[in-house]
Amino acid sequence: MRVVLLLLIFFGSSTAALCQEYGQFVGNPDGSFISDPDRPQFKLNRPFVYRDPNGLEWTVPAGEVTDGASIPRFAWSLVGGPFDGPYLDAAIIHDYYCCTKSREYYSTHHAFWMGMRAAGVSDTMAYIMWSAVRFGGPAFWSVDPSAVAPVPCRTDNVAAKSLYEMSDERTRAIAIGKFAGMARTLKTSGGKVLDVVDGKAILAQTDEAERHLDFLRGAMAKNFNVEQDKLGLFSMVSEEELKGYEKYAVPLSPWAEGQIPALDTYMKTEKLTFPKALQLNGADYRPYVTNDAFKLQTTDFPDKLLKDGTKE
């Protein structure tokens, strides 16, 4: 009996600590999926609440229709869609507040990250999804204190197009290459390094990371016709690589040791080990890497990545 009590105390304390660190969702989302050939959607039957670690409640009202649009479509094929696995709860909250713009921009994206962690998403995956929404998700907004948030914000099934979806195919290819570079870097470093720019590691969830992601979003709006040495790492994504991992396995293959000197130095300093490489054709896969966005071609990516969620 004493052992049982000790176990209950231990696991109860662990759960409480997790909730204290990342917040918690109040119950499960109650709703129904709406059939749509282009984009899955989910309509809430009753309010859904996420309570962050500071006790602030992020409430999505009944009747809200969410389609995961705040998560850019290019991320869906690489790391999973908003209604796959553990992303749904955080995606519902994020979609609503990106629609109402009633909470501060950076806080809304940080709540998405915390919500994913509260839902059991790994640190690395949460940072990868966070980088996706910051890079290719909704544009910056300022909160109007006098405005009243719509309740619900969306009741229709009309999807708003993102900057990525409004871009031409070449720009989309470069955007995917940029996201692939960040995803590989985050994967390699266990979620600690977002990117490597001009030989320097940019750590995730820092002010420098926020500025870098703002710059990258602005670069996409200019078709990446900006200073190339500030863009960081890019990588192609092959059909064989995508097939090499099952859904929800590691997103893309990590960098190999020796590919990026600055990352090698960081990993050695922090006493981190490079993850195991993907095996393709009986050998370790070494991802293509470049610092020049214009070296990427649309043929460097599976057609599915470029076409999903876009209309030419």
Exercise. Which of (1) surrounded by 13 or more Cβ atoms within 10 Å (Cβ to Cβ); (2) in contact with a Pro (Cβ under 6 Å, 6 or more places away or on another chain) is the odd one out, the single condition residue 239 does not satisfy?
Worked result: (1)
Seminar exercise, completed: The condition of being open to solvent by less than 10 Å² (accessible area, probe 1.4 Å) and among the basic types (Lys, Arg) holds, among 161, 178, only for 178
Exercise. So residue 230 fits all but one of (1) farther than 28 Å from residue 83 by Cβ; (2) open to solvent by 40 Å² or more (accessible area, probe 1.4 Å); (3) in contact with a helix residue (DSSP H, G or I) (Cβ under 9 Å, 6 or more places away or on another chain); (4) touching a residue at least 40 places away in the same chain (Cβ under 8 Å); what number is the exception?
Worked result: (4)
For this session: Might you check whether a residue that is in a loop (DSSP other than H, G, I, E, B), surrounded by 17 or more Cβ atoms within 10 Å (Cβ to Cβ) and either in contact with a helix residue (DSSP H, G or I) (Cβ under 7 Å, 6 or more places away or on another chain) or in contact (Cβ under 8 Å) with a residue 60 or more places away in the chain (or both) occurs anywhere in segment 84-102?
Result: no
Exercise. In the set 181, 218, which member is in a helix (DSSP H, G or I), of a type outside the set (Lys, Arg) and either farther than 27 Å from residue 161 by Cβ or touching a residue at least 40 places away in the same chain (Cβ under 8 Å) (or both)?
Worked result: 181
Seminar exercise, completed: A careful count of residues in segment 36-73 that are surrounded by fewer than 19 Cβ atoms within 10 Å (Cβ to Cβ), in a loop (DSSP other than H, G, I, E, B) and at pLDDT 90 or above gives 11
Exercise. Can you name the number of the only condition in (1) at pLDDT 90 or above; (2) open to solvent by 20 Å² or more (accessible area, probe 1.4 Å); (3) of a type in the set (Phe, Trp, Tyr); (4) not in a strand (DSSP E or B) that residue 76 fails?
Worked result: (1)
Problem set entry | Positions within segment 260-286 being at pLDDT 95 or above and part of a loop (DSSP other than H, G, I, E, B), in sequence order | 260, 270, 271, 272, 273, 274
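The values are calculated or read from the model by the stated rules, or taken from the named source; none is laboratory data. Being a predicted model, the structure only gives us computed values, none of them experimental. Because the Cβ atoms are built from the backbone with ideal geometry, glycine has one as well, and the counts that use them run over all protein chains shown. Only protein heavy atoms, including side chains, enter the accessible area calculation; ligands, DNA and RNA are left aside. Shrake-Rupley method; radii C 1.70, N 1.55, O 1.52, S 1.80 Å.
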